[in-house]
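Below is one structure; the comments refer to it alone.
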Amino acid sequence: MRIYISSDIEGVAGVVTPQQGQPGNGEYERARRLMTEEVNAAIEGALEGGATEILVNDAHGPMTNLLPELLHPAAEVIQGKPKPLNMFCGLDAGHAAVFCLGYHARASEQGVLAHTTNGFAFRAVRLNGRPLGEAGIYGAYAGSLGVPVAMVSGDDRCVAELREHFPEAEFV
C-alpha cells in the first residue's frame with residue numbers, strides 16, 4: 001500500500017508564530033524539528049497500518065524544511081523548488097491515501113497562521129463557489145485522481161474546515 005504525505009509547517013503542533021515558518025532564526029530550526037517529528041509519527045502509523053511505500057513531500061515555503069537526516073528511513077522525501085504541483089508533487093493514482101500534515105485554516109479564517117498559498121496574494125480561493133484552503137485545493141486534486149485524503153493534522157479551525165470536505169478522514 002502506497003501512502004503519500006504532504007507536510008506544511010504552519011499547522012504543526014507547537015508552531016504558532018510567523019517566525020517559526022521563516023528560515024534564518026532559532027524558532028524556525030525548532031519548527032523544522034517539530035515538523036520532522038510529526039512526519040515521523042505519521043510514517044510509523046502508516047507502516048503499522050500496512051504501508052509498504054511512503055512518499056513525503058516537503059510542502060512549506062522553501063520546501064527544504066524537513067531534516068532528512070532525522071526522517072524515518074522507510075520514507076522517500078521530495079524537497080526543494082521548483083516542483084510540479086507544488087504541495088502535492090509526486091502524487092499519482094497509485095497511492096492508496098493522502099495524509100495532509102501540519103496544514104492550517106484557509107485565508108480569512110481565524111486559525112493559527114491562516115492563509116491560502118500566499119498570505120499577501122489571496123483573500124479567498126473558491127471551487128464551485130466553495131471557499132478552499134490549501135488542503136482543500138490539493139485534496140480536490142487528489143480526489144480527481146481517485147486518491148482519498150485519509151488524515152489531516154492542523155489547528156482546530158483547519159480541522160473544522162476540512163471535516164466537511166473529507167468526512168471519512170482522521171483528524172488530529
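Please treat every number below as a calculation from the coordinates, not as lab data. The structure presented is a predicted model; accordingly, all values stated were derived computationally and were not measured. With ideal geometry, Cβ positions are generated from the backbone for all residues, glycine too; neighbour counts draw on all protein chains shown.
On the beta carbon distance between residue 16 and residue 85, with R0 = 41 Å, the FRET formula returns roughly 0.90. Note on the chain: with a GNM built from Cα contacts shorter than 10 Å, the maximum mean-square fluctuation among 88, 122, 99 falls on 122. Spin-label model, residue 52/residue 92: points 7 Å from Cα along the beta carbon direction are separated by 1.6 nm. The label-point distance for residue 69 and residue 171, in a model that sets each label 7 Å from Cα toward Cβ, rounds to 3.8 nm.
When the chain is treated as a GNM with alpha-carbon contacts under 10 Å, the residue of 69, 38, 134 showing the greatest mean-square fluctuation is 69. How would region 27-67 be classified by its alpha-carbon gyration tensor: rounded, prolate or oblate, with rounded meaning a/c under 1.5 and the a/b versus b/c comparison settling the rest? Oblate, since a/c reaches 1.5 and b/c is not below a/b. Exposure proxy shown here: for 12, 149, 112, the number of other Cβ atoms within 10 Å sets the order, fewest to most, as 112, 149, 12.
Please tell me the relative contact order of the chain in percent, rounded to the nearest whole number, where contacts are Cα pairs under 8 Å and at least six residues apart.
Details: 342 pairs, mean separation 43.2, N = 172.
Taking the mean separation of contacting Cα pairs over the length of the chain, I get 25 percent.
When Cα Rg over 2.2 N^0.38 Å is calculated for this entry, the matching label among (i) 1.13; (ii) 0.94; (iii) 4.15 is (ii).
Summing Lys, Arg as +1 and Asp, Glu as -1, what charge do residues with Cβ under 10 Å from the Cβ of residue 96 carry, residue 96 excluded? Surrounding charge for residue 96 is 0.
So, with +1 on the Cβ of K and R and -1 on the Cβ of D and E, and no other charges, what is the size of the charge dipole of region 2-171 about its Cα centre, to the nearest 20 debye? Kindly include the intermediate steps, with their values, before the conclusion.
Details: 12 positive and 21 negative charges, 125 e Å.
Around 600 debye, computed over region 2-171.
Comparing mean-square fluctuations of 133, 26, 143 from a GNM of the chain with C-alpha springs under 10 Å, the top value falls on 26. In the chain, the calculated helix contribution to ellipticity at 222 nm averages -8000 deg cm²/dmol per residue, counting -39,500 (n - 2.57) for every DSSP H run with n ≥ 4. When DSSP assigns beta bridges and you keep just the ones with both residues in region 2-171, what percent turn out antiparallel, to the nearest 5? Antiparallel: roughly 10 percent of the beta bridges in region 2-171.
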